[in-house]
Amino acid sequence: MNCRLLTVADAEAYRNLRLEGLQNNPEAFGSSFEEEKNDQIELYANRFESQGSFTFGVFDHEELVGVTTLVKESKLKLKHKASIFAVYVSPRMRGLGVGKHLMIEAINKARELKGVEQLNLTVVSTNASAKRLYSSLGFEVFGTEKRAMKIGQQYFDEDYMVLFL
């Protein structure tokens, strides 16, 4: 397995994995499969070229099996922060360290970014394995948003976590 920043050439593989994640774990994303299923590949390609946003992917041979995105804040008063979004690992690759590899790459990149002092993320409160991973890397819960998401008639709480670099 290797981990690297995704490029425009990875946009189709990213889109396919993202749609898989939106279907398999809808509670893990603010967006939905229905909202993104018709998005063009160019939308994802453009994201990979934007300043202050870094999407990492883990490949098993040539197949993209895990992703995460690091976004640096751009506003003057918020430039000391960056956030991690859209962490997803294909179910067949879970438990093999893919998520940890992705997170370490994102944390290392955040440490390289001038002025970034803390990393934030949110995680569904019931996602024990993700919370264990994030905690093992030094993230701490600093709050919980009750009913942060609603899918059908079911609500999901989200924990807010921070890592001070």
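Let me make sure I get this right: for the stretch 40-134, a, b and c are the square roots of the gyration tensor eigenvalues over alpha carbons, sorted descending. Under 1.5 in a/c it's rounded, otherwise prolate if a/b > b/c, else oblate. Which is it? Since a/c reaches 1.5 but b/c is at least a/b, the shape of the stretch 40-134 is classed as oblate.
Stick to Cα atoms and the Kirkwood definition of Rh, then tell me Rg/Rh for the chain.
Working: Rg = 15.3 Å, Rh = 16.3 Å.
Here the Rg-to-Rh quotient is 0.94.
Rounded to the nearest 20, the size of the Cβ-charge dipole of the chain about its Cα centre is 600 debye, with Lys and Arg at +1 and Asp and Glu at -1. Placing a label point 7 Å from the Cα of residue 25 along the Cα-to-Cβ direction, the residues of the stretch 147-165 whose backbone N falls under 20 Å from that point are 147-152, 154-163. One chain, two ends: residue 126 and residue 42. Fully extended at 0.36 nm per residue, the span grows by 26.9 nm beyond their Cα-Cα distance. Remark: the stretch 145-155, residue by residue, has Karplus-estimated 3J(HN,Hα) of 9, 6, 6, 5, 9, 9, 10, x, 9, 9, 9 Hz, where x stands for each Gly or Pro and the curve is 6.51 cos²θ - 1.76 cosθ + 1.60 at θ = phi - 60°. 3J(HN,Hα) couplings calculated from phi for the stretch 65-82 with the Karplus curve 6.51 cos²θ - 1.76 cosθ + 1.60 (θ = phi - 60°) are, in sequence order, 10, x, 8, 7, 10, 10, 10, 8, 5, 10, 6, 3, 6, 10, 4, 7, 10, 9 Hz; Gly and Pro show x. Beta bridges from DSSP with both residues in the chain: antiparallel share about 90 percent, rounded to the nearest 5. Among the listed pairs 75/109; 37/146; 75/131; 109/131, those whose Cα-Cα separation exceeds 26 Å are 37/146; 75/131. Restriction of the trypsin sites (Lys or Arg not before Pro) in the stretch 87-150 to DSSP coil positions whose beta-carbon has at most 12 other beta-carbons within 10 angstrom yields 114. A straight line joining the Cα centroids of the stretch 91-113 and the stretch 1-74 runs 14 Å. Rounded to the nearest 0.05, the FRET efficiency derived from the C-beta distance between residue 49 and residue 154 at R0 = 41 Å is 0.65.
Just so you know, all these numbers are worked out from the coordinates, no wet-lab data involved. None of these values were measured; they are calculated from a predicted model. Cβ sites come from the backbone with ideal geometry, for glycine too, and all protein chains shown count toward neighbours.
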